[in-house]
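The values are calculated or read from the model by the stated rules, or taken from the named source; none is laboratory data. On a predicted model such as this, the values are computed, not experimentally measured, just so you know. Cβ atoms come from the backbone with ideal geometry, glycine included; neighbour counts cover every protein chain shown.
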């Protein structure tokens, strides 16, 4: 398993429909899986909200969240 950091893009109008959760760390096998895990966790937190569908998550959009693999010496 690898450790990934999802880092939000700068504030702007692109955040008008999606929530910015700040920087998030995820443990996953791949970068894609890291995005999916973050989106699924967001859906659990928003389960009572109309926007709980993980496919609408900012974590899945590389323009909103960049993704970096964290090396073990950076933990």
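In summary, residue 44 fulfils each of the numbered conditions (1) modelled with pLDDT of 85 or more; (2) not in a loop (DSSP other than H, G, I, E, B) with the single exception of condition (1). The residue that is nearest to the chain's Cα centre (by Cα), among those in region 1-18 that are within 14 Å of residue 65 (Cα to Cα) and surrounded by fewer than 16 Cβ atoms within 10 Å (Cβ to Cβ), is 7.
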